[in-house]
Amino acid sequence: MDCKKLAEMLFPEELKTPEYYEEIYPPRDLPAGSKVTRLGPSPTGFIHLGNLFGAFADERLAHQSGGVFFLRIEDTDDKREVEGAVETIISSLGFFGINFDEGATMSGDVGSYGDYTQSRRGEIYRCFAKKLVEEGKAYPCFLTEEEIASIREEQETLKANPGIYGKWAKSRNLDIEDIEKRINAGEKFVVRLKSSGNLDKPEEAIRRIRVEDAIRGVLDMPENDQDTVILKATGIPTYHFAHVIDDHLMRTTHVVRGAEWLPSLPVHIELFEKLGWKPPVYCHTAQLMKLDEEGNKRKLSKRLDPELSLDYYRREGYHPLAVREYLLTVLNSNFEEWRIANPDSPAEDFEFSTEKMSNSGALFDLNKLNDISKDVLLKISASELYDFLKGWSEEFYPEAAPVLADREYLQRILDIGRNEDRNPRKDHICAVQIVKNISYFFDEFFAREDDMPEEVAAAGDIETVIASYLSTYDHSDNQELWFDKIREIAGELGYAAKPKDFKKNPELYKGHVGHISTVIRVALTGRRQSPDIWQIQQILGENRTRDRLKEYISQ
RNA sequence: GGCUCUAUGGUCAAGUGGUUAAGACUCCGCCCUCUCACGGCGGCUACCCGGGUUCGAAUCCCGGUAGAGUCACCA
């Protein structure tokens, strides 16, 4: 068969040569050891935790080594385009601190290895597809959907491996006149790789490919034998082909992607071989898993699991640093230890390594995120926290506006108990939770949620307690003096001034000072649990403090 | 079904032939304490199973089992 002629027939248009592209996209001039990584989202605009997870790895690998991290838009699946997706991708990633050095941006491409949008690289893919056809390594395939379906059926009854390969690849050996006739008749065709692999022989004889994966060690799997489609009928490349062409031409050194790509690795390797190129270092990451209703692990699905969406964390008001910190602990098993040893260092100082990446699927753990978030938020100043809450409220929760009305006031609330040297409070987790936690500081949201303690209620002392408290209340008392007065009230009414005394001889008392202060707490905040009452009163101010207490008695 | 990956407590995980099998989160108890949070102390709970190899196996080998992924003109 005259492959040259076939190539001309399939690609009649004017195309550049492979050499041309090799020349305009030369190997990058970077210091030895620099890694070039990329993120290749499809432009549905839906960035999920998995993307972010991989993006952190990409980002760290590149920036830690003085390399380049670029963004490539993989929009070869024309059916799923979403308007404005690129902007969404860049801004959501940016929110979590992921920034690109090169590639697609809001205002066009940056960098000299573009175009960075696959749909605009058609000529390049066609050039290399043509080359493969010329060399007899690819061919046009006219199989229709129905024909493929029936091949599949036959394979099923024969218990043969499904797919287009070997003898099943019926378009492999079409003669050139036939092809010409079909093309002239306007028949649609795809371009398939003519695989030289063969799995149809004794297992020991099957050629195996061995690839060193930076996360998993050596991968050992049978070679590819599928005549994978490289160019669709529309002329658009499949992921497989685009990946190989782009990552070669863009001089990517490390490809970080999910483990779901493992099975197609042999295809990619064969493509690299046939093109005469060296494959990048692959880093196949573990997938984020979730426990389903039956108690089984399964891959997080964007359809079923709202927590997979980055928006979920944004809406809940998790701080980006907390999400980042959490993902890093999942990403690198030794990050947590490092963090304990270096509580105040920026995460960038951590030496990230692919070897320490887990290769089994990690379950998403909200408890852990919350715990990490507490520590992260503790290190953020009240002023910054205010700005964060404000941004969050404006975007997702305008109802919280009253909380943000007075910056000074909110900052004092946020700082309650946080500036202790020894054991600072850590009760901020995420914006939704914070707003809920501090709602009683705002008359708009103040609600009486909890009941009075039974001990005091049963004795009928509630009103007496509040009345005596009110009568001795002096807003200028310091914390110590303030509490002494409560002890006094407790003693006068027959409650133990110290909880320990009550514990020793419960029969001697109606209750203890804790119960008395709980009465004050409930009257003041509507809850039985809160930070220190004295501090709350100082923030609330004398008038509001007195009003709340009076209001309770007058009910 | 084929191919592939994975397998240590409820979760995440150290561990690479000899350890009392780390640590973190959760849970429980105690302490601190005016409640909560924080903090401190303690506890529960683990090497998937079966065979080998070895003086000795969580670790090496073989065979199961289980879970996951993938088998598109999606990525």
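The table below gives the values:
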{"item": "Helices (runs of 4 or more DSSP H) enclosed by region A:450-555 - at least 2 residues per element that are modelled with pLDDT of 90 or more, of a type in the set (Asp, Glu) and within 13 Å of RNA strand B (Cβ to nearest atom)", "result": "A:479-492"}
{"item": "Sole residue being assigned to a helix (DSSP H, G or I) and touching a His at 6+ places or on another chain (Cβ under 6 Å), chosen from A:61, A:6, A:52", "result": "A:61"}
{"item": "Exclusive hit being surrounded by 18 or more Cβ atoms within 10 Å (Cβ to Cβ) and among the charged types (D, E, K, R), set A:544, A:548, A:527", "result": "A:548"}
{"item": "Any chance residue A:105 is within 16 Å of RNA strand B (Cβ to nearest atom) and among the hydroxyl-bearing types (Ser, Thr, Tyr)", "result": "no"}
{"item": "Index of the failed condition, residue A:185 passing every other in (1) within 22 Å of residue A:145 (Cβ to Cβ); (2) free of Cβ contacts under 8 Å to residues at least 60 places away in the same chain; (3) within 12 Å of RNA strand B (Cβ to nearest atom)", "result": "(3)"}
{"item": "Matching option when the condition is buried (at least 17 other Cβ atoms within 10 Å of the Cβ) and small (Gly, Ala, Ser), among A:233, A:242", "result": "A:242"}
{"item": "Checking residue A:201 against (1) assigned to a loop (DSSP other than H, G, I, E, B); (2) at pLDDT 90 or above; (3) not hydroxyl-bearing (Ser, Thr, Tyr), the condition it does not meet", "result": "(2)"}
{"item": "Residue pairs meeting the criteria (Cβ under 6 Å; at least 6 apart or on separate chains; first more than 12 Å from residue A:443 (Cβ to Cβ), in region A:525-545; second charged (D, E, K, R))", "result": "A:527/A:449; A:527/A:450; A:528/A:450; A:530/A:521; A:533/A:521; A:539/A:412"}
{"item": "Filter pass, residue A:383 being more than 12 Å from RNA strand B (Cβ to nearest atom) and closer than 18 Å to residue A:322 by Cα", "result": "yes"}
{"item": "Selection status of residue A:223, within 13 Å of RNA strand B (Cβ to nearest atom), touching a strand residue (DSSP E or B) at 6+ places or on another chain (Cβ under 6 Å) and under 16 Å from residue A:278 (Cα atoms)", "result": "no"}
{"item": "Residue list for region A:9-49, restricted to those being among the small types (Gly, Ala, Ser) and either under 26 Å from residue A:230 (Cβ atoms) or assigned to a helix (DSSP H, G or I) (or both)", "result": "A:40, A:42"}
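The values are calculated or read from the model by the stated rules, or taken from the named source; none is laboratory data. Computed from a predicted model, the values in this text were never measured in an experiment. Using ideal geometry, Cβ is built from the backbone for each residue, glycine included, and neighbour counts are taken over all protein chains shown.
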